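First the structure, in the form of structure tokens, and then the observations on it.
Each value in this text was obtained by applying a stated rule to the coordinates, not by laboratory testing. From a predicted model like this one, the values you see are computed outputs, not experimental measurements. Cβ placement follows ideal geometry from the backbone for every residue including glycine, while neighbour counts extend to all protein chains displayed.
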Amino acid sequence: MKNLDCYGVCCDRCVEDSYDLIDKLVRDIQLLVSEVVRLRYSLSWHLDEHTGEMIRLEIRSNLHSPYYDHPVYQNYISDYYCGDDPLQNRKFCKHMEKLAKGKKSTDEFPDLTF
């Protein structure tokens, strides 16, 4: 249900609610992308040496966000993160680098793996 003013334009609350939803979705994406890297790393050690090494070399491939150029996502990044994309920022990239090497990362990015 949209909160529209009398001219059919989204109100501030509508925009804020949308940004809150985007923020939750971004956190879910971070979790799922992290899990893909963790599982690829684990799997790579159960394959033949050549295949395992190839997986480890390209462990982060095809995980890029297709949202960066979307105007709403750009506004969200600007308003919530001062222009620093949470899917590409230094902290998340550092977290992903650790996972790609099989290391445990910070508790800021939880994992699903038991």
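About its Cα centre, the stretch 12-100 has a charge dipole of approximately 360 debye under the convention of +1 per Lys or Arg Cβ and -1 per Asp or Glu Cβ, with nothing else charged.
Structural size metrics of the stretch 12-100, computed from C-alpha coordinates, are Rg and Dmax of 15.9, 55 Å.
Taking every alpha-carbon pair under 8 Å whose residues sit at least 6 apart, the stretch 1-101 reaches a relative contact order of 26 percent. One Cα centroid belongs to the stretch 8-45, the other to the stretch 50-66; the line between them spans 21 Å.
With only alpha-carbon pairs counted, each pair once and no self-pairs, how large is the Kirkwood hydrodynamic radius of the stretch 57-97 in angstroms? Present the calculation step by step, with values, prior to reporting the outcome.
Working: mean 1/r = 0.0895 Å⁻¹.
Across the stretch 57-97, the inverse of the average 1/r is 11.2 Å.
When you filter the chymotrypsin sites (Phe, Trp or Tyr not before Pro) in the stretch 7-63 for DSSP loop state and at most 13 other Cβ atoms inside 10 Å of their Cβ, you are left with Y7, W45. Between the listed residues H70, V26, Y41, the Cα displaced farthest toward the positive end of the dipole of the stretch 12-100, a dipole computed from Cβ unit charges relative to the Cα centre, is found at Y41.
Looking only at GluC sites (Glu not before Pro) in DSSP loops with at most 15 other Cβ atoms within 10 Å, what is the longest site-free stretch of the chain? Could you put the intermediate results ahead of the total?
Working: sites that count: E58, E108.
Counting at most 15 other Cβ atoms within 10 Å as exposed, the longest clean stretch of the chain is 1-57.
For V15, V37, the sequence from fewest to most other C-beta atoms within 10 Å is V15, V37. With helices as the sole contributors, the chain gives -18500 deg cm²/dmol at 222 nm; each DSSP H run of n ≥ 4 counts as -39500 (n - 2.57), and the sum is divided by every residue.
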